[in-house]
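Trainee: Following this message is one structure expressed as structure tokens.
The values are calculated or read from the model by the stated rules, or taken from the named source; none is laboratory data. Note that this is a predicted model, so its numbers are computed, not measured. Here the Cβ positions follow ideal geometry from the backbone for every residue, glycine too, while neighbour counts run over all protein chains shown.
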Amino acid sequence: MTLRKKHRIAVWIILLNLFALLLSSCTGGFGITEEQKLQTELKRWENFSGSGIIELNAMGMSLRKNFSLAKSLKDLRLDVLDGGLLGSAAAPSISLYLGDYLALESPMMPALEALNLKDKIPGGVMAFFATSEYLVEKYGEEIIRDKALVREDFRINFNPKNYQIESVMSGKSGSGLNVKYTGQGQLDSIEIKSNMPVSAKLYFDSVKYHTPNIIPLPQKESDLNLMDMLKDILKP
């Protein structure tokens, strides 16, 4: 066999190997089932932390602050932060905790701590503290079929292609949230709405998928209503 012929054979072997690699890279995703895609996306919501800017709106007033958010399979905590002076660490001006109970803490607005939060956890929200395996096993067939999960007046809508959570709505309370993502599939923003003149939007600068260390807020008892408090604050 001549040297030239050997070179031609070597070139063809290299081209065939490259073609095989190209085919494998193109078809590698075809083996992923709908259940696996759903579970992968739900897994992101089990444990994570994030930070960015939160925009709070209440009764025509608007406030923009830094925030940090942490969620695990047991609980969730959101801290709205005041900037530290001369390089000191930022301190929470408002903190919200959700676990077995709902709690608020606010050095900036102590009246918020007097709100009656007993039994104010929205129906269906505790599904966010279930494992992805449990959710797929119990509701996967329905989600894959309808691209939504509906229980009584509570509805979660999923992206038809990749099962990202797009919105959560409660018809009874009129509250809900809308979720946006970056082109890379990372959390971009979460908009929270309610049936009261109060809303919030979280713009994420960073998101990390890990199990965060969450410090619960103390549980408090009160009978103060949020709307009554806002009316008193805005009273001429």
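Trainee: For region 11-30, state whether one or more residues are of a type outside the set (A, V, I, L, M), modelled with pLDDT under 95 and outside any helix (DSSP H, G or I). Walk me through how you get there before you give the answer.
Mentor: So in region 11-30, the residues of a type outside the set (A, V, I, L, M) come out as 12, 17, 19, 24-30.
Filter once more, keeping what is modelled with pLDDT under 95: 12, 17, 19, 24-30.
With outside any helix (DSSP H, G or I) added as a condition, the list becomes none.
No, because not a single residue in region 11-30 is of a type outside the set (A, V, I, L, M), modelled with pLDDT under 95 and outside any helix (DSSP H, G or I).
Trainee: Name the residues in region 57-74 that are assigned to a strand (DSSP E or B) and under 30 Å from Thr211 (Cβ atoms), would you? Before the answer, list the steps.
Mentor: Of region 57-74, the ones assigned to a strand (DSSP E or B) are 57-58, 61-71.
Matches in region 57-74: Arg64, Lys65, Asn66, Phe67, Ser68, Leu69, Ala70, Lys71.
Trainee: A further question follows. Among the candidates Asp100, Asp119, which residue alone is loosely packed, with under 13 Cβ neighbours inside 10 Å, modelled with pLDDT under 70 and not in a helix (DSSP H, G or I)? Can you show your working first?
Mentor: Details: Asp100 fails: modelled with pLDDT under 70.
Residue meeting the stated conditions: Asp119.
Trainee: Quick check, is Pro160 surrounded by fewer than 16 Cβ atoms within 10 Å (Cβ to Cβ) and touching a residue at least 60 places away in the same chain (Cβ under 8 Å)?
Mentor: Numbers: surrounded by fewer than 16 Cβ atoms within 10 Å (Cβ to Cβ): yes; touching a residue at least 60 places away in the same chain (Cβ under 8 Å): no.
Spelling it out, it is not the case that Pro160 is surrounded by fewer than 16 Cβ atoms within 10 Å (Cβ to Cβ) and touching a residue at least 60 places away in the same chain (Cβ under 8 Å).
Trainee: Of these, Glu35, Glu55, Glu113, which one is touching a Ser or Thr at 6+ places or on another chain (Cβ under 9 Å) and either among the polar types (S, T, N, Q) or modelled with pLDDT of 85 or more (or both)? Give the steps one after another, and end with the answer.
Mentor: Numbers: Glu35 fails: touching a Ser or Thr at 6+ places or on another chain (Cβ under 9 Å); Glu113 fails: either among the polar types (S, T, N, Q) or modelled with pLDDT of 85 or more (or both).
After ruling out the rest, the residue left standing is Glu55.
Trainee: Could you list, in sequence order, all residues of region 163-173 that are in contact (Cβ under 8 Å) with a residue 24 or more places away in the chain, out of contact with any Leu (no Cβ under 9 Å at 6 or more places or on another chain) and assigned to a strand (DSSP E or B)?
Mentor: Within region 163-173, Ser170 is the sole residue that qualifies.
Trainee: Mind listing whichever residues of region 64-93 are surrounded by 13 or more Cβ atoms within 10 Å (Cβ to Cβ), at pLDDT below 85 and out of contact with any Pro (no Cβ under 8 Å at 6 or more places or on another chain)?
Mentor: Selection gives Ala90 alone.
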